[in-house]
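Derivation of every value follows stated rules applied to the coordinates shown; laboratory data play no part. All values reported here derive from a predicted model rather than from experimental measurement. Neighbour counts are summed over all protein chains in view; Cβ atoms, including those assigned to glycine, are modelled from backbone coordinates with ideal geometry.
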Amino acid sequence: MKRGDLYRVSKPSARDPKRFRVFVVVSRQVLIDSRFSTVICAPVYSARHGLSTQVLAGIDEGLKHESSIHCDELVSLPKSVLTNYVATLSAEKIEELNKALRIALDIPD
């Protein structure tokens, strides 16, 4: 598992109406490689609102249709639920993700 990997998670929460949701791992690699049982992830939705904290993702990223990664809705997920690997974001897409995360967390460049 590495930063930028996409995983399809079955029923990630009781409030989520979808049977499956794709998440992108955004934790730093040292945490991912550690013995901690959770990692921070950003959900992928088919809806996009044009916010600077949303990153376009689609077929090129291994998804079925055009979607967006929502960096304003970060969640901590157990590593044990991240088993259905979808794809890995390109280096360019990870740069876009980094920018959106800095905006979402109000971290200056």
Quick check on my filter: what residues within the stretch 43-62 are within 26 Å of Ser80 (Cα to Cα), in contact (Cβ under 8 Å) with a residue 12 or more places away in the chain and among the small types (Gly, Ala, Ser)? Ser46, Ala57, Gly62
Of all residues in the stretch 68-92, how many are over 20 Å from Ala47 (Cβ atoms) and part of a loop (DSSP other than H, G, I, E, B)? 3
Would you confirm whether any residue within the stretch 90-99 is surrounded by 18 or more Cβ atoms within 10 Å (Cβ to Cβ) and closer than 21 Å to Asp16 by Cα? no
Does Ile40 satisfy being free of Cβ contacts under 8 Å to residues at least 12 places away in the same chain and either within 14 Å of the chain's Cα centre (by Cα) or on the phi < 0 side of the Ramachandran plot (or both)? no
